[in-house]
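All remarks here apply to the structure that follows.
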Amino acid sequence: MKPVLASAAGLALALGLAACASIPATPVPQDDLPESLRPYAPEVFVPPPGAFVLLNPDVPLGEAAVWRGSASAADPCRAPAGSGRTEPTTCLVEGLQAAGAASPAVAAARWLSTRGDPGYLSGWRREGPVGIATVTRPLRANTNVETVLVPPGGEALFIDEAPALGFETDAIWTGFKAKQPNAFPVPPFELVASERHLLGWRLAYGVPLRDCRACADAGRMLVAYDFDSSGRFKERRLLSID
């Protein structure tokens, strides 16, 4: 026979647990959370109309530098050889000038075309402190659009160029290549996540891996670009290959 006191204690405990289970949880008001834990909406950057706002003084890309005119501005670059066509570093600039492009768009095209691959700024927005530029390369045979990340200081990041460079010894990459030795990244990258955290900002981009450009996907590589709280680039990291 069980002691009366033990039975009474067990009954009280059971009743207490039942009562607790029946009380619905009360959500914590968002205003009561510490600043670092509150949900944070990505910043929407809208410069004044007509203003040429430079996020990075060394990179001539910004809202006012976007070319929204006709794609025929690139026609001087498509002229056949021997027709008097100028060099790739200047032909698109001349085409934009002839089409009446504003000086910021011309300056952006001149900067983007310096390596012999003509390009103009076709889109601009911001994710937190980082600018995201969409660049159109009208003469490329395959992918004509690429993404350039523009931090407030330092070099711009052309993320679609050599996307696997630097990951040759990464365990994630070597494990994938052991199973799919012929696969390679096929840009352009697509933004998967934009996250603010305690130490800064992370942009995660994904790109398919294929045995040829027109082949089915053999996998998908997810790469993170990490920036500090001021938007300065810190590091690039291979997160996964699925």
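Normalised by the number of residues in segment 159-242, the average gap of Cα pairs under 8 Å and 6 or more apart makes the relative contact order 24 percent. Between residue 125 and residue 75, the contour length at 0.36 nm per residue exceeds the alpha carbon distance by 15.3 nm. Return, ordered by residue number, the residues of segment 85-117 whose backbone nitrogen is under 11 Å from a label point located 7 Å along Cα→Cβ of residue 139. Only 85-93, 113-117 fall inside the zone, counting backbone N under 11 Å.
Read-outs: derived from the displayed coordinates by stated rules, not from any lab. Model, not experiment: these values are computed from the prediction. Backbone-built Cβ (ideal geometry, glycine too); neighbour counts: all protein chains shown.
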